[in-house]
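Worksheet: one structure, shown below.
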Amino acid sequence: MTDRRNAQISSRKQPRQARAVELVAAVLDAAVQVLAKEGAQRFTMARVAERAGVSVGSLYQYFPNKAAILFRLQSDEWRQTTDLLRTILEDTGRPPLERLRTLVHAFVQSECDEATVRGALDDAAPLYRDAPEARAAKESGMDTVQRFMREALPGTSKAAQDLAGDLITTTLSQVGKQFSEAPRSPAEVHAYAEAMADMFCAYLKDLGCR
């Protein structure tokens, strides 16, 4: 049996012509629909092809297996999260703690908006989580957080800055995931995000005063 952790997860080739770009976009859109409806366990290349209205052979031109499609969806999600981090945390015209508060609200809202697909992608993570491509994608977001911590905590050690960045991102990810597992009203989302932001800001303020 093939070791799923070592399965190829990179796309076979990148679409260049407009028609190919449209085909891949249709496949990814169909993949999201299949994932949301069927979950990771029942996610197959055949179901994606049927939903996209293309042949299975067309899928294999660009994706070697279902792990590659799922990793592409996960990569797109990571890239969106990284862009969110960068846009908010690198806005140096605003105080660091104000940026952190904005980030918490945006992240929690995003977790709630995409809860179904994110949950299914978490279930599919064993297919690709140990791959080098997955580690590289995650490291990009952490670089942004570490630069922010250097700015927010200039008087602290690098070890303290790194710990603060890891603690906040891990807590935000895990607690945000758990919170989004149930339907939430806008008022609940706001109140929860505000409480988390208060906690993180108090933590950074305390570190900065030591």
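Looking at (1) in contact with a helix residue (DSSP H, G or I) (Cβ under 6 Å, 6 or more places away or on another chain); (2) assigned to a helix (DSSP H, G or I); (3) at pLDDT below 85; (4) open to solvent by 70 Å² or more (accessible area, probe 1.4 Å), which one does D130 not meet, given that it meets all the others?
(2)
Where residues in segment 46-96 are basic (K, R) and assigned to a helix (DSSP H, G or I), which of them is farthest from P126 (Cα to Cα)?
The selected residue is R86.
Please go through segment 47-85 and give me each residue that is under 24 Å from H190 (Cα atoms) and at pLDDT 90 or above, ordered by number.
Residues satisfying the conditions do not exist here.
Here is a check on your reading of the model: is F43 assigned to a helix (DSSP H, G or I), of a type outside the set (A, V, I, L, M), farther than 30 Å from E151 by Cα and under 23 Å from the mean Cα position of the chain (by Cα)?
For F43, the condition - assigned to a helix (DSSP H, G or I), of a type outside the set (A, V, I, L, M), farther than 30 Å from E151 by Cα and under 23 Å from the mean Cα position of the chain (by Cα) - is not met.
The values are calculated or read from the model by the stated rules, or taken from the named source; none is laboratory data. All figures in this text were calculated on a predicted structure; none of them were measured in a lab. Virtual Cβ from ideal backbone geometry, glycine too; neighbours counted across all protein chains shown. Accessible surface is based on the protein model in full, side chains and every heavy atom, while ligands, DNA and RNA are left aside. Shrake-Rupley method; radii C 1.70, N 1.55, O 1.52, S 1.80 Å.
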